[in-house]
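In what follows, a single structure is set out as structure tokens and then discussed.
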Amino acid sequence: MTLLRRLIDNAGPVGLLIVTVLACGLLDERILAAQNLMIVLMQAVPTVILALGAFIVLLTGGIDLSAGISVTLASIVMASLLAGGLGLPATLLAGLATVAFIGLVNGTLITAFRVPAFVATLATMSCVQGVVLLLAEQGVYVLSEPSLKWLGTTRLGGVPVSVIASLVVIAAAFLLMQRTRFGLRVYATGSDADATALANVSTSRVLLLTYVAASCFTWLAAVALIARTPIVTPNLGGQSLLLDAIAACVLGGTSIFGGRGTVVGVVAGSLIVGLFSNALRVVGIDPSSLDLMKGGLLLAALVCDVGITNLRAKIMKESLK
């Protein structure tokens, strides 16, 4: 039954992705050109990585509104350290430590002080945004790190290295959520926190680790961005990227109420968002309208999620009679 449920959960997002591809082909044949599809894949890398972090948080029934601006902060921190002459390994560790601290603060506010996830992460988002504005006074950074350039621009057998690296991240996320005790406890906490606590599982500890784990994906998304974009500015990442990530999760079948979602669905959702954004640009939609269009797409996905959740609850209630 569990295997069947996973297949059903994955089939919906994959089916929606196929429909999106077919619709794009009918809209404009240029969208499905091999070169353009490769561009879509490269542009989707930061989105799918950040979406994996958002996915873990959403599984618990929470949300992390600070993730988008945390990508910006990590990008600026790493860029400034590289520009100052610090080596790449130490720079990457500093970037990871920055976002891990933000994740730890979020987790602590939610678990120790019982602050709702929305309020806690909104507060940290505001704080991080203030730090970003202070750092922005130092100007923009132009990166020339060879290893980052290789990651962001090189192709192996015609496939971008960044896309290959994202596949490794996706595989790691799949193993984390499906083959580890942590992943199973995240699903359990999101499905029924009280029942999970009765099973002698510390749900507070699970939530704290969830936000710290999600911050690791935030850091990876920042690395992917600065590898692809040599000029680092305060506009890199931000709320637009977070909107794409959350939309990818919801379109991929992850429930905002927690306990339901798959890594495969998140990947499919990220590709749908990438294709949708690319199609709008190809057909000549004004760039200023992109966020409006994607916001409408997210609203439609949220309405579907509420409907699916209510339908499942009704079916379960009737089965218990």
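The values are calculated or read from the model by the stated rules, or taken from the named source; none is laboratory data. The model shown is predicted, which means the values in this text are computed figures rather than measured ones. In this analysis, Cβ positions are derived from the backbone assuming ideal geometry, glycine residues included, and neighbour counts consider all displayed protein chains.
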Seminar exercise, completed: Scanning the range 195-247 residue by residue, those on the phi < 0 side of the Ramachandran plot and either assigned to a loop (DSSP other than H, G, I, E, B) or of a type in the set (D, E, K, R) (or both) turn out to be 199, 201, 202, 205, 228, 229, 230, 233, 234, 235, 236, 244
Seminar exercise, completed: Within the range 57-100, the residues that are at negative phi and without any contact (Cβ under 8 Å) to a residue 12 or more places away in the chain are 84, 86, 87, 89, 90, 93, 97
Problem set entry | In the range 189-212, the residues that are touching a helix residue (DSSP H, G or I) at 6+ places or on another chain (Cβ under 6 Å), more than 10 Å from residue 60 (Cβ to Cβ) and not hydroxyl-bearing (Ser, Thr, Tyr) | 197, 201, 208, 212
Exercise. Restricting the search to the range 225-254, which residues are more than 20 Å from residue 292 (Cβ to Cβ), of a type in the set (Gly, Ala, Ser) and touching a Lys or Arg at 6+ places or on another chain (Cβ under 9 Å)?
Worked result: 227, 253
Exercise. With respect to residue 259, is the statement that it is in a loop (DSSP other than H, G, I, E, B), of a type in the set (Gly, Ala, Ser) and touching a helix residue (DSSP H, G or I) at 6+ places or on another chain (Cβ under 8 Å) true?
Worked result: yes
Exercise. Which residue, of 256, 231, 226, is out of contact with any Cys (no Cβ under 7 Å at 6 or more places or on another chain), of a type outside the set (D, E, K, R) and buried (at least 24 other Cβ atoms within 10 Å of the Cβ)?
Worked result: 226
Exercise. Would you say residue 187 is surrounded by 21 or more Cβ atoms within 10 Å (Cβ to Cβ), at pLDDT 95 or above and farther than 26 Å from residue 35 by Cα?
Worked result: no
For this session: Give 213, 247, 268 a once-over and let me know the one that is touching a residue at least 12 places away in the same chain (Cβ under 8 Å), more than 25 Å from residue 316 (Cα to Cα) and either touching a Pro at 6+ places or on another chain (Cβ under 7 Å) or surrounded by fewer than 18 Cβ atoms within 10 Å (Cβ to Cβ) (or both).
Result: 268
